[in-house]
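Let me begin by presenting the structure, written as structure tokens, before commenting on it.
The values are calculated or read from the model by the stated rules, or taken from the named source; none is laboratory data. These numbers were taken from a predicted model, which means no experiment stands behind them. With ideal geometry, Cβ positions are generated from the backbone for all residues, glycine too; neighbour counts draw on all protein chains shown. Heads up: the accessible areas ignore ligands, DNA and RNA and are worked out on the full protein's heavy atoms, side chains in. Shrake-Rupley method; radii C 1.70, N 1.55, O 1.52, S 1.80 Å.
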Amino acid sequence: MKNIIFIISQPRAGSTLLQKILENNKQIKSSDEPWLTLSLGSLLQSDIKISSDYDFTLARDAINNFLKQNNLEDEFNHEMVSLIRKMYGRISENECYFLEKTPRNYFILDYITQYFPEAKVIVLKRNLVSVVSSILNSWHDNNLNAIKSHYKDIFEAPKKIFQYSKNNTQVFELTYQELVLNTDNVLEKLTHYLDLSEPLINHYKVEKDIQFGDTIGVFKSNKVEFSSLEKWKKDTPESLCFYYWYLQNLDNSLKSFFYQDIDELEEIEAFLLSYKYVLSKEKINHLLAIPKTMEEQLIEKEKVIHEKEKIIQQLLQIKDNFETNFYVRILKKLGLIK
């Protein structure tokens with residue numbers, strides 16, 4: 001294997017399209033979305049939540065403790081990286097790249113930087129509104145209430161990708177709009193960046209057994225088309241209202257990074273402005289609210305239980321005081337006490 005190419009992007013940002021174009025070159029091999037680097041790279045990262053039938057947080061703490069006690073941390077990480085390289089190397093030939101396209105690799109960007117410093121990295125950016133729209137329409141039949149299940153994809157991913165690009169000058173930054181509107185020029189630059197002997201071309205083939213990634217859009221053609229650029233404008237008024245408030249809640253630095261053409265951003269915001277009040281303020285706040293983790297939910301439940309127990313104790317104390325005072329008054333009337 002010559003090297004690894006990572007495509008870093010949000011989900012639904014066009015990474016499958018870019019993958020298929022690159023994969024059409026004889027010097028690049030790939031496979032849907034491996035998730036291998038993400039799974040192994042996040043194994044010991046405490047800030048990444050992993051669901052399992054057993055307590056994975058406890059398991060991760062135990063593994064870290066075992067490695068630390070026996071001075072095996074470096075060796076363990078080295079073996080994981082070696083396994084990743086070995087698996088990808090089995091697919092790609094000696095002079096070929098392996099293209100690693102797993103959108104949620106944005107969780108392990110520090111890991112990629114540390115353990116794959118020589119890798120080629122393509123950062124693919126897309127109109128943030130288009131990303132949210134595509135998530136809703138592709139996976140949730142435009143059900144706006146489903147947006148909370150993708151909070152990290154639409155709020156945290158842009159921040160992580162922005163910080164990563166800012167700190168790594170060797171990455172190749174590319175927007176989805178550039179890819180579809182200026183395809184030949186972009187592919188020429190990518191050919192040079194990847195040092196390919198054969199140029200990349202605006203053509204690709206899609207195998208019908210694709211299991212992960214975009215299983216719809218890439219089948220519609222065998223070359224780049226721009227019909228998807230403004231599909232978000234056809235979404236429901238409620239969704240368009242959310243898109244407006246979503247953009248208003250993003251830092252200007254993020255918007256400058258993802259919308260290098262300020263005119264494009266202004267046009268999008270102007271279009272969305274008329275939908276500003278379609279949803280109530282309460283509904284918008286609910287949709288934009290950070291979803292609580294399981295741990296935070298348990299802490300809240302414990303607080304509620306504690307407050308209830310506190311109120312019960314107070315009521316019992318009042319009851320005891322009342323009963324005590326009642327009997328004292330009777331005894332005084334009987335002259336049994338002063």
| request: With unit charges on the beta carbon (Lys/Arg positive, Asp/Glu negative), name the residue among Gln260, Pro237, Ala270 whose Cα is farthest towards the positive pole of the charge dipole of segment 235-277. | output: Pro237
| remark: With +1 on the Cβ of every Lys and Arg and -1 on the Cβ of every Asp and Glu, the dipole magnitude of segment 97-189 about its Cα centre, in debye rounded to the nearest 20, is 280 debye
| If Lys and Arg each add +1 and Asp and Glu each add -1, what is the summed charge of the other residues whose beta carbon sits under 9 Å from the beta carbon of Arg12? | -1
| note | Given backbone amide H placed at 1.01 Å from N, residues whose amide H is under 5 Å from that of Asp214, ignoring those fewer than 5 places away on the same chain, are Thr16
| remark: Expressed in angstrom, Rg and Dmax over the Cα atoms of the chain are 27.6, 111
| query | In this model, which of Lys101/Lys166; Lys49/Lys308; Lys68/Lys152 are farther than 23 Å apart at the alpha-carbon? | reply | Lys49/Lys308; Lys68/Lys152
| remark: Heads up, segment 103-193 by the C-alpha gyration tensor (a ≥ b ≥ c square roots of eigenvalues; a/c under 1.5 rounded, else a/b over b/c prolate, else oblate) looks oblate
| Over the chain, what is the mean sequence separation of C-alpha contacts under 8 Å (at least six apart), divided by residue count, expressed as relative contact order in percent? | 23 percent
| said: With a 1.4 Å probe and all protein chains kept in place, how do Arg104, Arg126 rank by accessible area, largest first? | reply: Arg104, Arg126
| Debye-sum result for segment 56-213 in log10 I(q)/I(0), which assumes one identical scatterer on each alpha carbon, at q = 0.10, 0.12, 0.16, 0.20 Å⁻¹ | -0.53, -0.76, -1.26, -1.51
| For the chain, with the dipole built from +1 on Lys and Arg beta-carbon atoms and -1 on Asp and Glu ones, taken about the Cα centre, which of Leu72, Ile305, Leu38 lies farthest toward the positive end? | Ile305
| query | Quick one: net charge of Asp110's neighbours, Cβ under 15 Å, K/R +1, D/E -1? | reply | +2
| query | Which Cα, out of Thr113, Tyr164, Ser133, lies furthest along the positive dipole direction of segment 104-220 (beta carbon charges, K/R +1, D/E -1)? | reply | Ser133
| query | With axes computed from alpha carbons, what is the tilt in degrees of helix 237-248 against the longest principal axis of the chain, rounded to the nearest 10 within 0 to 90? | reply | 90 degrees
| note | The helix 294-333 Cα axis meets the longest alpha-carbon principal axis of the chain at an angle in degrees, between 0 and 90 and rounded to 10, of 10 degrees
| task | Output ³J(HN,Hα) for segment 168-174: one whole-Hz value per residue in order, computed from phi by the Karplus curve 6.51 cos²θ - 1.76 cosθ + 1.60 with θ = phi - 60°, and x for Gly and Pro. | result | 10, 6, 8, 6, 9, 8, 8
| note | So for R0 = 56 Å, FRET eff. of Asn94-His306 from the Cβ-Cβ r, to 0.05, ends up at 0.30
| query | What is the Cα convex hull volume of segment 1-117 when expressed per residue in Å³? | reply | 110 Å³
| message | Just to make sure I understand: if all protein chains stay in place, what is the order of His192, His150 by accessible area at 1.4 Å, largest first? | response | His192, His150
| field | Nearest-20 debye value, the chain charge dipole, Cβ charges on Lys, Arg, Asp, Glu | value | 1460 debye
